[in-house]
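Encoded as structure tokens, the structure appears first; notes follow it.
The values are calculated or read from the model by the stated rules, or taken from the named source; none is laboratory data. Keep in mind that this is a model prediction, so the values were computed, not measured. Neighbour counts are summed over all protein chains in view; Cβ atoms, including those assigned to glycine, are modelled from backbone coordinates with ideal geometry.
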Amino acid sequence: MTIAYPLYLDVPMMVSLLAAMKGGLTPDAALASLGIDLEGRVGATAERTTENALRQRHTVASLFDRFRTEQAKNIKTISTAADIEGIAHGEFVELTGHLVRNPIYEFITVMERLFALSANDVANASASAAGIDLIVPEETRQVFLALRQELDESPVVDATMDFGKATGIISLRRGYLSHESLDDLRFGTVRLLGKAVGSLGKKDSWNVLGKSLVGHLVSGAFRDAVGGLQDINPDGDFPVKTVITGPGLFVIPLAVYV
């Protein structure tokens, strides 16, 4: 098993799991001496210096690698849709693939570009000549503004990972992301280790707006906007989907690593 380096690490979860493995951690344990308290906060007791920051970063990465190595026999590798069958709630699973932020964010980004174009008289005139209406009603702007604001303020950032004709639906804690858009995790293939908390059967589906209160209220307008963009380019493969179909697996991640 190769040494793992975490790009995203839920430190409180890791501390809790290590404590369970070792029969508990005391406040004067090695973690505390390195400036990591029992809530998983890094830099809680140690002086904030460059040297300590490096020691703490090394320590949490080392602890994660130790946990992953010692628990290897309890981690189920999920490579295909068939691997999802039989996965019990709470089991450790490992997925490999490209992590992509919530499709809602992708679509909001597209809409914001259109908002900018609709405010540009020259671009709007050119689009009208081509038979495309870029005038965006103010109500629509407000809908997407409210949706983005709710997503930005949420402590959880949803993402997806495709693997073997199935989808992992991932809930990341914002406090442990170095960039909320997940762009720093999109450069290539990454691995994800976490707890399985549910699954989608082949005939099941999950609405990406389902966890958003504003999303529930504006789901109709959102679907209409997606449909409008698809109408502009009916022959294209529109990449944003508001509904994810099974098979799929819901995962709360401990770490995203390489």
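Among the residues that make up the stretch 215-234, is at least one of them modelled with pLDDT under 85 and under 30 Å from Y5 (Cβ atoms)?
no
Go through the stretch 67-91 residue by residue and tally those that are under 18 Å from G248 (Cβ atoms) and either of a type in the set (V, I, T) or modelled with pLDDT of 90 or more (or both).
Number satisfying all stated conditions: 14.
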